[in-house]
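Asker: Here's a structure for you.
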Amino acid sequence: MWRRVASFFPFISSTKSSTLSQLGPTLKIWESFTTGAPIPVNHGISSKDSTPFITFVLGGPGSGKGTQCAKIVDTFGFKHLSAGDLLRREIACNSEFGSTILDTIKEGRIVPSEVTVRLIRREMELSDNHKFLIDGFPRSEENRIAFERIIGAEPNIVLFFDCPEEEMVKRVLNRNQGRVDDNIDTIKKRLKVFEALNLPVVNHYAKKGKLHKICAVGAEDEIFEQVRPVFAGCEQVISES
């Protein structure tokens, strides 16, 4: 599959440099991928015939996605990829590309979907695993379209952790005590933004029959008992991927 995926941003290499210079600071992020040193690739998924088994894990802040992802990894052997963690790690490594991402965020601009997808794709290509949990992405329809275009595949499964607003607010406040930015008002604003952007993605995959809605209220183990059958029922398909 990976050999058939189109190269990242093919239009960049065919565009005149004078045009590129007019596209602004965001393009620097794209150029970091297309002009930087080649990323070393091990004998992971890129050299295998296995088709990756992709699971999107969606849900608002405080819905328990991370906790359940850890249980899925332990039980079914998936590779967990958090979009937010990948961006933060790139920034923390103090690379030129990470610095450009940080500058983009500081300037109040959104990191382009293509950048996040490229980071996800790099991790998939470098992994010896072919089963992936992609946590917190896509957050919007624009994210979804970019992923499917660049990766060249749709998710096999989409988990949506459905949690009432008041429960998510309570969880976020409890886990981030002392953080100024996590008061009730700011959390509710984050949840409103999440709902507006993420609901179209949820509805899209629901129409395709790929969505598994999980009631994210209750004890961690109780919630996982709803998750377990989703993957248990797909084990043969996963092993044949």
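Asker: Just to confirm the filter: which trypsin sites (Lys or Arg not before Pro) across region 93-196 are DSSP coil and have at most 14 other Cβ within 10 angstrom of their Cβ? Please list the in-between numbers first.
Answerer: Numbers: sites: Lys106, Arg109, Arg118, Arg121, Arg122, Lys131, Arg139, Arg144, Arg149, Lys170, Arg171, Arg175, Arg179, Lys188, Lys189, Arg190, Lys192; in loops: Arg109, Arg139, Arg179.
Those satisfying the criteria are Arg109, Arg179.
Asker: Using the Cα gyration tensor of region 48-168, with a ≥ b ≥ c the square roots of its eigenvalues, what is the shape: rounded (a/c below 1.5), prolate (a/b larger than b/c) or oblate (neither)? Don't skip to the end; give the middle numbers.
Answerer: On the way: a/c = 1.57, a/b = 1.14, b/c = 1.38.
Oblate, since a/c reaches 1.5 and b/c is not below a/b.
Asker: Using the Cα gyration tensor of region 101-241, with a ≥ b ≥ c the square roots of its eigenvalues, what is the shape: rounded (a/c below 1.5), prolate (a/b larger than b/c) or oblate (neither)?
Answerer: Numbers: a/c = 1.80, a/b = 1.16, b/c = 1.55.
Cα axes put region 101-241 in the oblate bin.
Coordinate-derived values only; no laboratory data. Worth saying up front: this structure is predicted, and the values here are computed from it rather than measured. Counting neighbours? That spans all protein chains shown, and the Cβs are built from the backbone with ideal geometry, glycine included.
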